[in-house]
Amino acid sequence: MAIVKAVNLTKVYNPDTVPVHALRDASLEIEKGEFTSIVGPSGSGKTTMLNMLGGLDKPTSGHVEINGTNITKMKDSKMIDFRLKNIGFVFQHYNLIPVFTARENVSFIMLLQKQDKKAMQKRADELLDKVGLADRKDARPGQMSGGQQQRVAVARALASEPKFILADEPTANLDSSAAMNLLDIMQKMNDVQNVTFVFSTHDQRVIDRARRVITMVDGAIYSDEYQKAKEYDD
Ligand code: ADP
Ligand code: ADP
């Protein structure tokens, strides 16, 4: 069974004033362990698609299933809890909490799930080790580079043991070497732990690293292809 299934999604913003057709009957399925990029020109609907897949917004018509559960009908209060358990998010602007250290930013999600404090700390430390930030655990976002902040965001996204990770233009604000470093880490998590990633991008170097490339044009799925990904070096 697909982890994520989008069925005939249509999204019209401002239906009563100046309607914008952001998604037009778009369907896709993501299987466990995939490393998929959603690409397309600016305005083609990538963010809208990710917002629908993550249950951050509802389609005008069509529906989204996560692990067989139709989230489109779910009440907002239930959705918050469901999202926390099932989906990890990585955003273009990192969205870390500025007054928290790296460790606190990663633990925060587990705190919401009322996990044991010691186990929480241990898991946060392990995740920060995995993203190469063993020596930056007590740093706050303002003391870290963009690349380091985004690696904290990836560690945070994994903290709740989600079914999959959605990343909206995760490398958009990173220089080339930080972007490739982030991709290395994501690709390795995918290889070694079978972590499922769906990320949007319009950066060709990032697209080259994906195993599956879904291209959107004008809110519709234009093509969906598997490719041999460029491998990370190590
Ligand atoms: P992409 O991520 O590919 O750049 P988006 O999903 O952000 O595309 O946008 C798709 C279309 O929907 C664009 O025309 C955009 O201007 C429009 N759009 C996105 N969000 C909103 C919104 N909240 N209200 C109105 N129009 C929106
Ligand atoms: P370990 O036990 O060595 O830490 P795990 O197999 O538990 O390794 O995976 C490490 C992290 O990756 C965990 O947070 C887990 O929830 C997450 N993970 C594993 N599989 C997936 C997947 N298919 N999609 C998203 N996250 C995953």
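At a glance:
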| item | result |
| --- | --- |
| Over 22 Å (Cα to Cα) - which of Lys58/Lys228; Lys5/Lys58; Lys58/Lys163; Lys78/Lys114 fall in this group | Lys58/Lys228 |
| Label point 7 Å beyond Cα of Leu112 along Cβ direction - residues of segment 141-159 with amide nitrogen under 20 Å | 141, 149-159 |
| For the chain, built as a Gaussian network whose Cα springs stay under 10 Å, the top-fluctuating residue of Asn86, Asn190, Asn14 | Asn14 |
| Length released on extending from Ser77 to Ala134, taking residue separation times 0.36 nm less the Cα-Cα span | 17.0 nm |
| Reachable lysines, given that their alpha-carbon falls under 22 Å from the alpha-carbon of Lys118 and they are not under 8 places away in the same chain | Lys85, Lys130, Lys137 |
| Two-decimal Rg/Rh across segment 1-138, once Rg and the Kirkwood Rh are taken from alpha-carbon atoms | 1.03 |
| Column: log10 I(q)/I(0), Debye, Cα scatterers of segment 114-234, q = 0.10, 0.20 Å⁻¹ | -0.34, -1.20 |
| DSSP beta bridge pairing in the chain, given as percent antiparallel to the nearest 5 | 55 |
| Helix-only CD estimate at 222 nm, as mean residue ellipticity for the chain, using -39500 (n - 2.57) per DSSP H run (n ≥ 4) | -10500 deg cm²/dmol |
| Equivalent ellipsoid dimensions for segment 104-173 as semi-axes, Å, which come from the Cα gyration tensor, largest first | 19, 15, 10 |
| Model label zone, Val20; criterion: amide N under 13 Å from point 7 Å along Cα-to-beta-carbon; scope segment 49-78 | 49 |
| Shape box of segment 38-103 [Cα atoms, principal axes, largest first, Å] | 40, 33, 18 |
| As computed over the chain, the Cα convex hull volume per residue (Å³) | 133 |
| J(HN,Hα) series, segment 63-80, from Karplus relation 6.51 cos²θ - 1.76 cosθ + 1.60, nearest Hz, glycine and proline x | 8, 10, 10, 10, 6, x, 9, 6, 8, 5, 8, 6, 5, 4, 4, 6, 4, 4 |
| Normalised per residue, the volume of the convex hull around the Cα set of segment 131-172 (Å³) | 79 |
| Under the Debye formula (equal points on every Cα, no solvent term), log10 I(q)/I(0) of segment 69-129 at q = 0.16, 0.22 Å⁻¹ | -0.63, -1.00 |
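Quick note: the coordinates plus some simple rules give every number you see, no bench work behind them. Worth saying up front: this structure is predicted, and the values here are computed from it rather than measured. Here Cβ is always computed from backbone atoms with ideal geometry, including for glycine, and neighbour counts include all displayed protein chains.
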